Amino acid sequence: MKAISVFGATGSIGESTYDLLMRQGGAEVYRTVALTGGKNIARLAEMARALRAEVAVIADPAGLEDLRAALAGSDCEAAAGPQALVEAGARDATWVMSAIVGAAGLAPGFAALKQGATLALANKESLVTAGALLLEQAKASGARILPVDSEHSAIFQALVGEDIAAVERIILTASGGALRDWPMERLAKAKLADALQHPNWVMGQRITVDSASMFNKALEVIEAKEYFGVTPDQVEVIIHPESIIHSMVGYRDGAIMAHLGTPDMRHAIGYALNWPERENLPVKRLDLAELGRLTFRAPDDARYPALRLAREVMAAGGRSGAVFNAAKEIALDHFIAGWIGFLDMGALVEEVLTRMAGANDFGLPPSCLADVQDMDQRARAVAGDIAVKMSGR
Ligand code: NAD
Ligand code: MG
């Protein structure tokens, strides 16, 4: 029996993972070691019962008693808080879905790699903030990281049987998000509800806003560089509004291999779950004739400062990825709360990067997780100060 855990089970990726696990036989086929959620205790307990999980962990420590009550009568243990998440990662699952949103996903995923699990990585923030550490840990424990971000899964699949040395370029596709057709002058006025109208993908709230600002793509450029070990200039971004081509790999002979599919994360999750096999997945099949055509356009750097900032972060290396991600998370919190404007997010992140670049450990590679977490906390503090000033509160 494959022993699995799902971190962030109650989220968008978590729900899709749960859906596939249930369709592929649920508790009859999988031994579920740990399921975790952020706040939704009822849903977490429901999933834990259905999959007969050994432990369910809720991120909020205040939720422990309620979780215990919700699990009463089952054999599932209840736990809560960040330390319990890391302990759950250290349990003996052999396949672990890392689908917590944000830097909070790093430590539990790291613990899973440490104990040798295959890490199905949706949490791109892990690679952005601590890519080298993660890859080193995987190597040391003979563990594998399988990409779950749809672009990186597409690239991974387009690389099967190929030599990475023959790769000339990686082409990440981007839908452009909810505001891609808005004129620049209007963008400053965009509200949360506007940014949430994603044209193709149904995702968690945070990544949906990040898609509109292109911060999601910016994180993904760094993620691709880290995971595939290519140089920054080998990673390109193209706007592809239909989201049918999930990404491409260009080889030195000029050939381009693309991965196509409907915009459904179960493509990527299912591939990582069943890898190296392929199983029948409940995804809608593409009807190319109905689709008619696919379109592309170059991203506009003036419109999307996030992409330029990602290039600066890749050039700086060291701990700059942790600063970038932390600043982006704070900017996003403040935008979601309605305190700063849509375009303020880019300005805020840039300001944090400029200020933190003066720190003597900014360009220094982190030697352990604590280094990353320390940089993350400092960047959050700086970002919080700037955000408060920006919002005039
Ligand atoms: P989501 O917000 O829907 O779910 C996140 C999960 O993490 C939930 O279970 C939530 O309760 C939990 N969580 C939130 N804060 C937490 C904390 N501090 N500690 C512990 N748990 C916490 O997010 P999502 O859209 O499913 O995205 C999850 C991850 O996958 C993100 O890193 C995202 O970038 C990545 N991703 C998502 C999609 C998608 O289609 N949704 C696609 C590609 C990559
Ligand atoms: Mg993606």
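Ignoring lysines fewer than eight residues from residue 328 along the same chain, the ones with Cα atoms less than 29 angstrom from its Cα are 39, 114, 124, 189, 191, 217, 225, 389.
Placing a label point 7 Å from the Cα of residue 238 along the Cα-to-Cβ direction, the residues of segment 260-274 whose backbone N falls under 14 Å of that point are 260. In segment 250-381, inverting the average of 1/r over every pair of distinct C-alpha atoms gives 18.4 Å as the Kirkwood radius.
Spin-label pair residue 283-residue 140: with each label point 7 Å from Cα along the Cα-Cβ axis, the two points sit 3.4 nm from one another. The separation of segment 170-233 from segment 26-53, counted between C-alpha centres, amounts to 31 Å.
Averaging 1/r over each pair of different alpha-carbon atoms in the chain and inverting the result gives 21.4 Å, the Kirkwood hydrodynamic radius. Among the helices of the chain, those built from whole DSSP H runs whose Cα atoms reach 30 Å or more along their own axis and whose mean Kyte-Doolittle hydropathy is at least -1.0 are 369-391.
Computed packing ranks the peptides 366-376, 312-322, 219-229 as 219-229, 312-322, 366-376, most packed first, by mean other Cβ atoms within 10 Å.
Give the calculated FRET efficiency between residue 302 and residue 42 to the nearest 0.05, with a Förster radius of 41 Å applied to their Cβ-Cβ distance. Here the calculated transfer efficiency is 0.35. Accessible surface of the chain, 1.4 Å probe: 52 percent of it comes from carbon and sulfur atoms.
Above 23 Å, the calculated P(r) of segment 1-157 contains 30 percent of its Cα-Cα pairs. Once the Kirkwood radius over Cα pairs is known for segment 100-232, the Stokes-Einstein relation at 37 °C and 0.692 mPa s delivers a diffusion coefficient of 205 µm²/s.
Accessible surface area normalised per residue over the chain is 41 Å², counting heavy atoms of protein chains with a 1.4 Å rolling probe. Note on residue 364 and residue 194: the model spin-label points, each 7 Å out from Cα along the C-beta direction, lie 4.3 nm apart.
The values are calculated or read from the model by the stated rules, or taken from the named source; none is laboratory data. All values derive from a computational prediction rather than experimental measurement. Glycine gets a Cβ as well: all are built from the backbone with ideal geometry, and neighbour counts include every protein chain shown. Surface accessibility is based on the protein's heavy atoms, side chains included, excluding ligands, DNA and RNA. Shrake-Rupley method; radii C 1.70, N 1.55, O 1.52, S 1.80 Å.
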